[in-house]
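Comments concern the structure below.
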Amino acid sequence: MKIIETIKQMNVTFNARLNNRQAQRMKKLIVGQHVSDGMLMKLVIYFLLAIIAFLYLQPLLYMLSTMVKSSGDLIDPVVQWIPQKLHFQNLSDAWRGLKYPDAFKNTMMIALICSIFQVASCAITGYALARLEFPGKTIAFILIIVSFLVPPQLTVIPLYSIYSSLGVLNTPLVFIIPAIFGQGLRGALFIIIFRQFFLTQPKALEEAAKIDGASVYRLFFKIMLPLARPAIIVVFLFSFVWYWNMYYEPSMFLNQAYQPLSIRLNLLEQELMGNKLINFAVAVGKDPLTEGPKMAGAFLIIFPPLLIYLLTQRWFTEGIERSGMVE
Amino acid sequence: MSLHKENVKSKRRSGQLRYRWNNYKSGYLFMLPWVLGFSIFVAFPVGWSLFNSFHNVKLRGGKFQYEFIGLDNFRRILTEDNVYPVELLLYFQEMLLIIPLILFFSLVVSLLLNQKFAGRGPIRAIFFLPVIFATGQVLMELFGQGAGELPFIEQYNLDGIIREYVGPQLADPIMGVLGKAVIILWYSGVQILIFIAGYQTIPRSVYEAIRIDGATPWESFWKITLPSMIPFIGLNAVFTIVDLFTFPMNPVMEQVRKNMFDVKTGYGYASAQAWLYFTLILLLLGIALWITYRSTVKRGGYR
């Protein structure tokens, strides 16, 4: 009797398990084993990402569509996204208003030179912090973090008098000199990135080179720096873009003799329209007529970094994963 | 015999010292540019502005004139100024709402981007776009034109709906945050990057092991992914705080700037304002770091 009972029970559990397995197969198809395997999850991911991506792209699309609108299209409330016909007058207006070739040269000069120097100085400092031994290292690291936090307004007037006594005011040297000494725009962040990168590199490599008789300098320039390519790409791109976009510092330290694009954009409206329309714009709050040229100007400004980003994008995203930017 | 021993000992010691100094030498040499730059472009200006904040600074004939007034600048900020403390409080209140939202949003988006799916590369490229534009004048221009507003707020009359359901008391902050939603979006670029880089530090084998033990993806998120992310959440909190508070266009900074060039208040007063602000930021950062530290220690050991 007892045996039959147990067999019956086993049968029941077996059936239940069978059903369970079928259900599980269904579940695996829909929900998946990993989070991303199932169809349901995939759909949800695509849906969410599509919405967020649209929100990100929307201002850019707005810029592109407004840029090619004629003044008639700009005023017409019926025309929202797609202009009636492409109107490239705005672009040439903006080109003239920004004094594009000149301002482009200025901006490029600052961004390129500063970011190259910044990569070099931050790599050296980051390496020292990661691999070299010396008393006072912890204090230096804390000071680097603190220097990252200082609000720019706190130091702007002392810096102004330092630069003016150095005689570099209103020249690009205002940005190049701090970059050489590792104090450029957000230099502290880059030092931290390099430090983290060098910390993740295997120590055996350096030991081998040391046993072979390489000096620290040789070791750094011949072995560690070439290895740091992912980190260098990340830092260079960040640095270049941030120098390209900066507004506050040039508005303080550079005068009319050396205007970068970001400053010119602010002046664009006045340049283009004269005073009469400005008054109108002030009364209304925003002037629909200047929107087209302004958006064209904005496009002209972001186009070069966008191009660089699109070209380096693959190494950039890879570099971020591989550089061990954070550990 | 013993003299010889001593001799060897002292020789060894001096050799050790020389060896150490040789090691240190290269370290100091590598640090030299940064140390120079730091003392000229950070330490000296910061020290000077601290000095200024205790003085009444006047510019006469191209030269600064200092008059020591102690803590009077700070007293005036807190008791007589009727704009700055209000702006300061409002801004901190707003930031305390926005910072957790940025962290949450970037965590969710980075989780989604970390999954494997077709077309991941191009989609990631879109999400890293803010890294390029978020700092720029261009973005300010776009926001100024209203291009940055969330389209569905007006479309679905969200304002009215929220007001009806939660009452005006709660609706104002909610609408404030929704109006700032674009800032949340555009200021989470670097944070998303940091989180994605963070996921790569969790070994795949841990996920395989927990799956064999029968954990669902949901459980593995809570038991593995999130705890491993705590240091990165802390890092991101620090970065977000720094990013938002040193942003030159923020209203507090605007006040500081205005007072800097005002004849009545002058640079000393503006320095005191900036220092008050700086101290509060440091306090906030301290709290963020402390929370991170505590929650990692509880898990046993700082990574």
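The values are calculated or read from the model by the stated rules, or taken from the named source; none is laboratory data. What you see is a predicted model, and the numbers here were worked out from it, not measured in a lab. Heads up, the Cβs are rebuilt from the backbone with ideal geometry, glycines too, and the neighbour counts pull from every protein chain shown. With ligands, DNA and RNA removed, areas are computed over all heavy atoms of the protein, side chains included. Shrake-Rupley method; radii C 1.70, N 1.55, O 1.52, S 1.80 Å.
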Inter-chain shielding of B:77-83 (mean C-beta neighbours from other protein chains, 10 Å cut-off): 0
Full-stretch length increase - A:Leu112, A:Asn266 - with 0.36 nm per residue and alpha-carbon distance subtracted: 53.2 nm
Within-13-Å neighbourhood charge of A:Lys85 [Cβ basis; K, R +1; D, E -1]: -1
Inter-chain Cβ neighbour average for residues A:45-55, partner chain, 10 Å: 5
Pairwise Cα inverse-distance average, inverted: Kirkwood Rh of the range A:104-241 (Å): 16.2
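Quick one: buried accessible area between A and B, total over both chains, 1.4 angstrom probe, nearest 100 Å²?
Summed over both sides, the interface buries about 8500 Å².
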With all protein chains modelled, accessible area of A:Phe236 [1.4 Å, Å²]: 60
Vicinal HN-Hα couplings computed from phi for the range B:188-204 (Karplus, 6.51 cos²θ - 1.76 cosθ + 1.60; Hz; Gly/Pro x): 10, x, 5, 5, 4, 4, 5, 5, 4, 4, x, 4, 5, 7, 8, x, 4
Gained length - B:Gln93 relative to B:Gln115, 0.36 nm times residue gap less alpha-carbon distance: 4.4 nm
Amide H contacts under 5 Å for B:Asn56, placed H, 5+ residues apart: B:Glu67, B:Phe68, B:Ile69
With all protein chains modelled, accessible area of B:Lys223 [1.4 Å, Å²]: 150
Contour excess over end-to-end distance, with Cα ends at A:Leu311 and A:Glu5 and 0.36 nm allotted per residue: 102.9 nm
Reduced Cα scattering model of the range B:2-68, Debye log10 I(q)/I(0), q = 0.12, 0.23, 0.27 Å⁻¹: -0.60, -0.96, -1.06
For A:155-165, mean number of other protein chain Cβ atoms within 10 Å: 5
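FRET efficiency for A:Trp95 and B:Gln16, Cβ-Cβ distance as r, R0 = 60 Å, nearest 0.05?
The value I calculate is 0.35.
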Ranking by accessible area, most exposed first, for B:Arg20, B:Arg163, A:Arg229 with a 1.4 Å probe: A:Arg229, B:Arg20, B:Arg163
Anisotropy class of the range A:42-148 from Cα gyration tensor, a/c 1.5 cut: oblate
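By average Cβ neighbour count within 10 Å, what is the ranking of A:250-260, B:272-282 from highest down?
In descending order of packing, they fall as B:272-282, A:250-260.
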Listed pairs A:Lys69/B:Lys180; A:Lys137/B:Lys25; B:Lys58/B:Lys258; A:Lys99/A:Lys294; A:Lys203/B:Lys223; B:Lys116/B:Lys180 exceeding 20 Å between Cα atoms: A:Lys69/B:Lys180; A:Lys203/B:Lys223; B:Lys116/B:Lys180
